[in-house]
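Working notes for the structure below.
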Amino acid sequence: MQGNIACAEGALAAGCSFFGGYPITPSTEVAEHMARILPKKGGTFIQMEDELASISSIIGASWAGARSMTATSGPGFSLMMENIGYAVMTETPIVIVNIQRGGPSTGQPTMGAQGDMMQCRFGSHGDYSTIALVPSTVQEMFDLTAKAFNLADRFRCPVFLMSDEIIGHMREKVTIPEEVDIIRRRPLKEGKLPFEPEDDMIPGFPEFGKGYRVHVTGLTHDERGYPEATNCELHSELVTRLVNKIESKRHEIADYDIINPQAEIVFITYGPPGRAVRQLMHDYSDLEIGHLNLRIVWPFPEKVLKEFPNASKFIVPELNMGQMAREIQRHTSIEVESLPKIGGEMHTPDELFRAMGGDS
Amino acid sequence: MKSVEDWYRHDRMPHIFCTGCGNGTVINCTLEAVMQMGWDIDNTIFISGIGCSSRSPGYITTDSLHTTHGRALAFATGVKLAKPEFDVVVFTGDGDLSAIGGNHFIHACRRNINMTVICMNNMIYGMTGGQGSPCTPAGAISTTTPYGATEPVFDLARLAEASGANYSARWTAYHVKELTKAIKVGMEIPGFSFIEAMTQCPTSYGRRNKLRTTTSMLEYMRDNAVLLNKAKRMEAEGRELSPGRFTVGEFVKRFRPALGVVKDEE
Amino acid sequence: MRNEVLFSGFGGQGIILSAVILGRAAAIYDNKFAVQTQVYGPEARGGASMSAVIIEDEEVLYPKVRNPDIYVIMSQQGFEKYGVNAGAKARMLLDSGLVFSRPECRYAEVPATETAKKDLGRVIVANIIMLGALVTATEVVSKAAIEMAVMDSVPKGTEQLNMDALNAGFGLGENCEV
């Protein structure tokens, strides 16, 4: 099964019933598969007029109670920034799939990249926090897409599946479980105001049509949902909560693999480069190489760096010019070596070997 | 339910609209139409974009979505298609709908998606302090057309018709009865119904264009509105509408196949 | 054991489908691990298209071909772009009617397009003939697995044609010494 198809299947298994999208290489197979399957399952597929509209439509569908998703790539992702902020501010659960390609601009439509990792974290204006998952196998395309819906519903925020052309277009065997865990959003409790947080800082969801009579706005709002755009204290409280409801759980939701934690040289990866590291470890099994592979990159679980007590160097191969390497360096006094690669091809195990100071 | 008052969100009052603003009139006409339709408060969703007009849903006690600039129709498309049994009404303005949201507008018309869209056309960007919009008449003064607007005006009602909407009408905040009736007819018709309501903005438009009072703006709308049939007769006689005048009436009413229609409505 | 199989030809020959079928045969029917990738882009439609399959007994870690040990080349342009780089230890099957160059590695000539045209009357099945020859010449997957994978992947109504093509390929491959 192709990665993009596995992504769509993962969404369907998670109960996604609404897809709004716009064709863009290399993500289009996700939309095509949803267009084929969703109507048969009683769901809705709609091809919108652009990505601004695609993300708007899935936010609307989410308020009407649907698990909703869109899929895109760089240029479309840029257009979505506006309403990513809206989804953050209105605490709307949505899943956004970005099958990354080479940028800036139209760049390399058919080549893989990881150049949008910072954009998915900081791309919309204002302060906020998000959740981003990164698969490195076709199986993970399925698993993490399904998981993204649970995270979106739990945290009431946009959740990103930050994949890339390499995994999106690759075919591998996928085992589809008979059912996947579906943990739906918690409804608003009786007696609570529509945006009144519970103990976990997350308000229950006042779905449209259920008698809550909720007003939803992207303006700074009070717990009733009413605009209060010049209230300094309220704004500070609201945005701080929007950030902290996610950041405070970053270690709890962290999802990663650790191999050889005693090693001195440690590779940190997410997505395809992790597979080059695994191959390197396989090819040079006598070398002590540590590996941290992240499946959730945002929020960044910095405590995991402490799992490598002997580390003298973290090497971070990425299909960009060092976006996460900078984030990692922020959290550690250990040397972080960025190993950027752009152009569309993966790092080879030999390139990683040379980065370790090896002579191949 | 006896009164439109039941549809207002009273704990949100007072509203932010300026003295003399026409938006309240249009909201009243809309709620009157909703009452006549017998719609249920808990099954009606009001959606809007950004601008003065788009603040309207905040004063109505249904579930409502106040979205981003220009995108109301795209959000509404998601709401409606996820739950077609909802009655969906969009409030928008001339800038929101025809400038930043122009593409969404023509595509929502083309899809003929079953919702009612009410555009409060005040010929200006009011919320941001009076900049020119695609509907600012030639010669009119705004903060971004200090020497008079020079670009032609978008005819929104005709644009909706040409783009495929099942219903399109234009009235003004002066023509309260006609406007209410047009909104109701739009709500009855399956498919995309567009009602353009010309509204007075004495604060940002009138003040700069010798229409300083609410009365003078209402008189302006009364005196410059030409019934569509009359305009057609004039056209047949080879007479053109003089500059600054505009047509009002029902531009199209048809029953083309529409999106998001619940089966038993058909 | 890791096999890296690289297919190249021109757009429309079914180069990507060949790789998909081979990967399916290995992963689903031979219970091995497989990854299929391709060069994906407008230049593949008309120019030299390329796709690859990695087959391993264990999980495939690095998913891209590094050093293909088996080449299946179905156009001269494909040979010039990919085939010329074949290492000395590689093996190559080439469509003898369409590829004029010969590599330095071991190779076998398979008249796939000619057989498709003359014996089966449908040039479109040349890739399936090539797949049949690949399987008997290299045993990279089992005959039973490729048969089932072909049946999964071809349009309804063309099963017999494709089986005939696959069998013709089996025959051609048995005579290859690579």
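Quick one: which strands (runs of 3 or more DSSP E) lie wholly within segment C:35-106 and hold at least 3 residues that are under 22 Å from A:E351 (Cβ atoms)? Spell out the reasoning first.
Working: elements: C:48-56, C:70-73, C:91-95.
The qualifying strands (runs of 3 or more DSSP E) are C:48-56.
Among the hydrophobic types (A, V, I, L, M, F, W, C) and either in contact with a helix residue (DSSP H, G or I) (Cβ under 8 Å, 6 or more places away or on another chain) or open to solvent by less than 50 Å² (accessible area, probe 1.4 Å) (or both): is that true of B:A236 in this structure?
Here the answer is no, as B:A236 does not meet what is asked.
Any residue in segment A:64-76 that is more than 12 Å from chain B (Cβ to nearest Cβ), among the hydroxyl-bearing types (S, T, Y) and in contact (Cβ under 8 Å) with a residue 24 or more places away in the chain?
Step one: list which residues in segment A:64-76 are more than 12 Å from chain B (Cβ to nearest Cβ), which gives A:71-76.
Okay, now just the ones that are also among the hydroxyl-bearing types (S, T, Y), so A:72-73.
Restricting the remaining residues to those that are in contact (Cβ under 8 Å) with a residue 24 or more places away in the chain gives A:72-73.
Yes.
Suppose we keep only residues that are in a helix (DSSP H, G or I) and aliphatic (A, V, I, L, M) within segment A:92-120. Which one would you say is surrounded by the most Cβ atoms within 10 Å (Cβ to Cβ)? Step through it out loud before you land on a result.
Applying the first criterion (in a helix (DSSP H, G or I)) to segment A:92-120 yields A:117-120.
Within this subset, residues satisfying the condition of being aliphatic (A, V, I, L, M) are A:117-118.
Details: A:M117: 25, A:M118: 14.
Among them, the one singled out is A:M117.
From the list B:S242, B:S204, B:S193, B:S216, which one is part of a strand (DSSP E or B) and either at pLDDT below 95 or of a type in the set (S, T, Y) (or both)? Walk me through it before giving the result.
On the way: B:S242 fails: part of a strand (DSSP E or B); B:S204 fails: part of a strand (DSSP E or B); B:S216 fails: part of a strand (DSSP E or B).
Going through B:S242, B:S204, B:S193, B:S216 in turn, just one is part of a strand (DSSP E or B) and either at pLDDT below 95 or of a type in the set (S, T, Y) (or both): B:S193.
The conditions are (1) within 12 Å of chain A (Cβ to nearest Cβ); (2) at pLDDT below 95; (3) open to solvent by less than 40 Å² (accessible area, probe 1.4 Å); (4) in contact with a Gly (Cβ under 6 Å, 6 or more places away or on another chain), and C:R45 fails exactly one of them. Which is it?
Answer for C:R45: the failing condition is (3).
Taking segment A:218-234 on its own, how many of its residues are at the interface with chain B (Cβ under 7 Å from one of its Cβ atoms) and touching a Phe, Trp or Tyr at 6+ places or on another chain (Cβ under 8 Å)?
Selection size over segment A:218-234: 1.
Please verify whether segment C:137-153 includes one or more residues that are closer than 16 Å to C:V72 by Cβ, in contact (Cβ under 8 Å) with a residue 12 or more places away in the chain and not in a helix (DSSP H, G or I). Write out each step before concluding.
From segment C:137-153, those closer than 16 Å to C:V72 by Cβ are C:137-141, C:146, C:149-150; that's our starting set.
Still in the running and in contact (Cβ under 8 Å) with a residue 12 or more places away in the chain: C:137-138, C:140-141, C:146, C:149-150.
Retained after the next criterion (residues that are not in a helix (DSSP H, G or I)): C:140-141.
Yes, because at least one residue in segment C:137-153 is closer than 16 Å to C:V72 by Cβ, in contact (Cβ under 8 Å) with a residue 12 or more places away in the chain and not in a helix (DSSP H, G or I).
In segment A:134-157, what residues are over 22 Å from C:T37 (Cα atoms) and open to solvent by less than 50 Å² (accessible area, probe 1.4 Å)? Write out each step before concluding.
Keep residues of segment A:134-157 that are over 22 Å from C:T37 (Cα atoms), which gives A:146-157.
Once the filter is applied, which keeps residues that are over 22 Å from C:T37 (Cα atoms) and open to solvent by less than 50 Å² (accessible area, probe 1.4 Å), segment A:134-157 yields A:A146, A:A148, A:F149, A:N150, A:L151, A:A152, A:D153, A:F155, A:R156, A:C157.
Residue check, A:F195 against (1) over 30 Å from A:L144 (Cβ atoms); (2) touching a His at 6+ places or on another chain (Cβ under 7 Å), all met but one. Which one?
Every condition holds for A:F195 apart from (1).
Among the aliphatic types (A, V, I, L, M) and away from chain A (no Cβ under 14 Å): which single residue out of C:I55, C:I70 fits that description? Write out each step before concluding.
On the way: C:I55 fails: away from chain A (no Cβ under 14 Å).
Selected residue: C:I70, the only one of C:I55, C:I70 that is among the aliphatic types (A, V, I, L, M) and away from chain A (no Cβ under 14 Å).
Of all residues in segment B:53-68, count the ones that are within 7 Å of another protein chain (Cβ to nearest Cβ), touching a strand residue (DSSP E or B) at 6+ places or on another chain (Cβ under 9 Å) and open to solvent by 10 Å² or more (accessible area, probe 1.4 Å).
Result for segment B:53-68: 1.
I'd like the full set of residues that are among the aliphatic types (A, V, I, L, M), open to solvent by 20 Å² or more (accessible area, probe 1.4 Å) and under 15 Å from C:F7 (Cβ atoms), limited to segment C:138-178.
Within segment C:138-178, no residue meets the criteria.
Could you go through segment B:208-224 and let me know if any residue there is in contact (Cβ under 8 Å) with a residue 12 or more places away in the chain and closer than 18 Å to B:S168 by Cβ.
Checking segment B:208-224: not a single residue is in contact (Cβ under 8 Å) with a residue 12 or more places away in the chain and closer than 18 Å to B:S168 by Cβ.
Restricting attention to segment A:104-136, which residues are in contact (Cβ under 8 Å) with a residue 40 or more places away in the chain, of a type in the set (S, T, Y) and within 13 Å of chain C (Cβ to nearest Cβ)?
Residues of segment A:104-136 that are in contact (Cβ under 8 Å) with a residue 40 or more places away in the chain, as a first pass: A:108-121, A:123-136.
Checking which are of a type in the set (S, T, Y) leaves us with A:110, A:124, A:128-130, A:136.
Once the filter is applied, which keeps residues that are in contact (Cβ under 8 Å) with a residue 40 or more places away in the chain, of a type in the set (S, T, Y) and within 13 Å of chain C (Cβ to nearest Cβ), segment A:104-136 yields A:T110, A:S136.
Determine which member of the set A:R101, A:R36 is assigned by TED's automatic domain parsing to the domain that holds A:H125, basic (K, R) and touching a residue at least 40 places away in the same chain (Cβ under 8 Å). Before you say what the answer is, go through the steps one by one.
Details: A:R36 fails: touching a residue at least 40 places away in the same chain (Cβ under 8 Å).
A:R101 is the lone residue from the list that is assigned by TED's automatic domain parsing to the domain that holds A:H125, basic (K, R) and touching a residue at least 40 places away in the same chain (Cβ under 8 Å).
Mind listing whichever residues of segment B:97-131 are within 13 Å of chain A (Cβ to nearest Cβ) and assigned to a helix (DSSP H, G or I)?
Within segment B:97-131, the first condition is being within 13 Å of chain A (Cβ to nearest Cβ), and the residues that meet it are B:100-111, B:113, B:115, B:127.
Listed by number, the residues that qualify are B:I100, B:G102, B:N103, B:H104, B:F105, B:I106, B:H107, B:A108, B:C109, B:R110, B:R111.
Only one of (1) hydrophobic (A, V, I, L, M, F, W, C); (2) open to solvent by less than 60 Å² (accessible area, probe 1.4 Å); (3) over 21 Å from B:V176 (Cα atoms) is not met by B:C201, so which one is it?
Only one criterion is unmet by B:C201, namely (3).
Of the residues C:K89, C:K81, only one is in contact (Cβ under 8 Å) with a residue 12 or more places away in the chain, open to solvent by 20 Å² or more (accessible area, probe 1.4 Å) and closer than 28 Å to C:N31 by Cβ; which? Lay out the reasoning, then the answer.
Values: C:K81 fails: closer than 28 Å to C:N31 by Cβ.
Checking each option against the conditions leaves just C:K89.
Determine whether B:R71 is open to solvent by 10 Å² or more (accessible area, probe 1.4 Å), touching a strand residue (DSSP E or B) at 6+ places or on another chain (Cβ under 9 Å) and of a type in the set (K, R).
No.
Applying the selection to segment B:78-96, what residues are in contact (Cβ under 8 Å) with a residue 60 or more places away in the chain, within 10 Å of chain A (Cβ to nearest Cβ) and crowded, with 24+ Cβ neighbours inside 10 Å?
Residues satisfying the conditions are B:K80, B:L81.
Could you please let me know if B:A165 is free of Cβ contacts under 8 Å to residues at least 12 places away in the same chain and either open to solvent by 20 Å² or more (accessible area, probe 1.4 Å) or over 19 Å from B:G126 (Cβ atoms) (or both)? Can you show your working first?
On the way: free of Cβ contacts under 8 Å to residues at least 12 places away in the same chain: no; either open to solvent by 20 Å² or more (accessible area, probe 1.4 Å) or over 19 Å from B:G126 (Cβ atoms) (or both): yes.
No, not satisfied.
Which of the strands (runs of 3 or more DSSP E) found entirely inside segment A:262-360 contain at least 2 residues meeting this: modelled with pLDDT of 95 or more, more than 20 Å from A:D116 (Cα to Cα) and within 14 Å of chain C (Cβ to nearest Cβ)? So that I can check it myself, show each step before the final result.
Details: elements: A:265-269, A:289-294, A:296-298, A:313-318, A:335-340.
The strands (runs of 3 or more DSSP E) meeting that bar are A:289-294.
Which residues, taken from segment A:199-211, are closer than 17 Å to A:I59 by Cβ and in contact with a Pro (Cβ under 9 Å, 6 or more places away or on another chain)? Full working, then the answer.
The first filter runs over segment A:199-211 and keeps only residues closer than 17 Å to A:I59 by Cβ, leaving A:203, A:205-209.
Answer for segment A:199-211, where residues must be closer than 17 Å to A:I59 by Cβ and in contact with a Pro (Cβ under 9 Å, 6 or more places away or on another chain): A:P203, A:F205, A:P206, A:E207.
For A:E179, state whether it is away from chain B (no Cβ under 14 Å), of a type in the set (D, E) and part of a helix (DSSP H, G or I). Quick ask: steps written out before the conclusion?
Details: away from chain B (no Cβ under 14 Å): yes; of a type in the set (D, E): yes; part of a helix (DSSP H, G or I): no.
Criteria not met by A:E179.
The values are calculated or read from the model by the stated rules, or taken from the named source; none is laboratory data. Note that the structure is a prediction, hence the values are computed from the model and not measured. Glycine also receives a Cβ, built like all others from the backbone with ideal geometry; neighbour counts cover every protein chain displayed. Ligands, DNA and RNA are stripped out before the accessible areas are found, and what is left, the full protein with its side chains, is counted by its heavy atoms. Shrake-Rupley method; radii C 1.70, N 1.55, O 1.52, S 1.80 Å.
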